[in-house]
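Worksheet: one structure, shown below.
Read the figures in this text as sums done on the coordinates, not as results from a lab. Predicted, not measured: the structure shown is a model, and the values here were computed from it. We place every Cβ from the backbone using ideal geometry, glycine too, and count neighbours over all the protein chains shown.
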Amino acid sequence: MRVPPRVRRDCELKLNIQRVWDANFQVYGVRKVWRQLKREEIVAERYTVERLMRQLGLGGAATGGEPASAAAHAGQRFLSCSTWFEVDGDDLRLLPLNDA
């Protein structure tokens, strides 16, 4: 059975994409993986790299948003090491750390 050229090329690219992504601490996104492949003279379109990374379940490091530890204190804001406060409308209520 004859394997279509796109499938053959995709298999080769997937191996290279996985190698580059692993070699860079699994934080490279599509653009950086694509640029690294270009530096290594592996020709691929950026959208092809994007499609194959999506198929492999690979992605870059997430930036922005709240740190994971902040989710535990939803609705509370950090003031200092010993104080938290809650906002209820226009009221501000301070809470000692051991009550938070």
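Every residue in region 6-54 that is among the β-branched types (Val, Ile, Thr), surrounded by fewer than 11 Cβ atoms within 10 Å (Cβ to Cβ) and part of a helix (DSSP H, G or I), please. VAL7 - this is the single residue of region 6-54 that is among the β-branched types (Val, Ile, Thr), surrounded by fewer than 11 Cβ atoms within 10 Å (Cβ to Cβ) and part of a helix (DSSP H, G or I). Residue pairs whose Cβ atoms lie under 6 Å apart, sitting 6 or more positions apart in sequence or on different chains, and linking a residue in region 26-45 that is without any contact (Cβ under 8 Å) to a residue 60 or more places away in the chain and over 16 Å from GLY59 (Cβ atoms) to a partner that is surrounded by 12 or more Cβ atoms within 10 Å (Cβ to Cβ) and of a type outside the set (Gly, Ala, Ser), are ILE42/ASN16; ALA44/LEU13; ALA44/LEU37.
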